[in-house]
1. Could you list, in sequence order, all residues of the stretch 59-72 that are part of a loop (DSSP other than H, G, I, E, B), modelled with pLDDT under 90 and surrounded by 13 or more Cβ atoms within 10 Å (Cβ to Cβ)?
2. Looking only at residues that are open to solvent by less than 70 Å² (accessible area, probe 1.4 Å) and polar (S, T, N, Q) in the stretch 352-367, which one is nearest to residue 334 (Cα to Cα)?
3. Which is open to solvent by 10 Å² or more (accessible area, probe 1.4 Å), over 21 Å from residue 110 (Cα atoms) and part of a loop (DSSP other than H, G, I, E, B), of 259, 308?
4. Any idea which of (1) acidic (Asp, Glu); (2) at pLDDT below 80; (3) in a loop (DSSP other than H, G, I, E, B) is the one residue 210 doesn't satisfy?
5. State yes or no: is residue 78 assigned to a helix (DSSP H, G or I) and either modelled with pLDDT of 95 or more or within 28 Å of residue 233 (Cα to Cα) (or both)?
6. Residue 53 - would you say it is open to solvent by less than 30 Å² (accessible area, probe 1.4 Å), touching a residue at least 60 places away in the same chain (Cβ under 8 Å) and not in a strand (DSSP E or B)?
7. Take the residues in the stretch 241-252 that are closer than 30 Å to residue 68 by Cβ and either in a loop (DSSP other than H, G, I, E, B) or among the aliphatic types (A, V, I, L, M) (or both), then tell me which one is modelled with the lowest pLDDT.
8. Here are 339, 388, 370: which of them is within 30 Å of residue 47 (Cβ to Cβ) and either surrounded by 13 or more Cβ atoms within 10 Å (Cβ to Cβ) or not aromatic (Phe, Trp, Tyr) (or both)?
Amino acid sequence: MRRLLGIDPGTGCRAYDPSVKDSTYQWLPDRHLGVAATLAHADEIIGRLTDVLYEYQRQPDGIIVLREEPAGDHSRTVVDRVAPMPRKIPLLVADALVALRAALEHALFAEVEFMEGAPLEERAARLVDIPAAENFDAFAEWTRKKAKNGPASLQAGTELVRRLEQLQPFQRTTDPAQHPLARLVLHTNHAKHRTPAVTAVRLVTMYRDDETPRSLRDVAQRPEEPLRVDDVIAETPMGERVPVTLFPSIGLNRPGTDRWPVLMTELAEIADWVRAQAVPRLITGAEPMEPALPAHYEIAVGHADERRALIDGSMTTSEMKYKERLGATSARMDVPEWLSQMDGAPQAPQVSQWLDQLSDAEVLERVGRLTPSIDHDTGIMRRNVEVLEALRDEAAAFAERSEG
């Protein structure tokens, strides 16, 4: 039975026995339910972004078209064309980042008004903002500026300033500019005042198919820069044909730098930090509590019980769904070729029909039964043959039912 321990005067939340799982978001005050909705809205924007990205990346000719050019006794592989990127992509990236920053700003403002015990006067309200200090002196200067007209709860030494200090980029001692808050503020300042997010196609890595690596971590990463027409990505001896696997992606420029991290990685890292770390710490001043805020819940309808809606939400982010979707798409392209070559297997179109009626998660679960074997371990290869035979039989049974 849950044992409530009264009201924590510092947060306005009910404190509770941490050994008992919270099923009603006791740690989340009513004044912050709107922040949970803002986070869900940000994830919905990311979901719309992944839809546009998916359609862009699955063009029949690919997003990169290559050509071969002779160069003495070698042949150069040159970028002939890069597919134009939809304008919607950078706009949605900017929208998502601005929504994530809004969640932080709204949480802070709600806490300030709660601690002040009354709505703020306009002059004090204008001084409520989330700092992003890369060193302690900068944070102290931010605090000093609140001393004259700012709210009392943002004065040096207060509980709320302590919480904000926990979230600052200078807490990451090795490279504060890499801190999620530093990146969030960098991106949103640029998007609000200059241009939307700046995105470009980049080639993350590539490898020869006859030298398949154990994992992509074993492959040298290409320069973190946009891919441009006429870029040379490889050279081979004239007359030699070397099949390669390319890993193009969409890069997101960090304003004022020459960094182009993978767009969805950058966005997911910031979004996860805001939802799972920053907002809970700002609200409670403590380690994030359970249950964690959902990545998504239904915000397109009104709820008589908002907490029940949160409980019914999903922890699966749009970025996770996107990765699953890409993985399943790749499997749906490869598996029909693998299975159709086996004795007793249906033809490739029938295998494709079988895969199409499975969910993305079901497709990935089946492909995940296979174990990579770079060194041709006989035991692993034998088990993989058994897995393929089982998949062949499942596809054949589906084909038989369909024809019947």
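The values are calculated or read from the model by the stated rules, or taken from the named source; none is laboratory data. Note that the structure is a prediction, hence the values are computed from the model and not measured. Cβ placement follows ideal geometry from the backbone for every residue including glycine, while neighbour counts extend to all protein chains displayed. Ligands, DNA and RNA are stripped out before the accessible areas are found, and what is left, the full protein with its side chains, is counted by its heavy atoms. Shrake-Rupley method; radii C 1.70, N 1.55, O 1.52, S 1.80 Å.
1. Listed by number, the list holds a single entry, 62.
2. Taking the candidates together, the pick is 352.
3. Exactly one of 259, 308 is open to solvent by 10 Å² or more (accessible area, probe 1.4 Å), over 21 Å from residue 110 (Cα atoms) and part of a loop (DSSP other than H, G, I, E, B), namely 259.
4. Only one criterion in (1) acidic (Asp, Glu); (2) at pLDDT below 80; (3) in a loop (DSSP other than H, G, I, E, B) is unmet by residue 210, namely (3).
5. no
6. yes
7. Here the residue is 242.
8. 370
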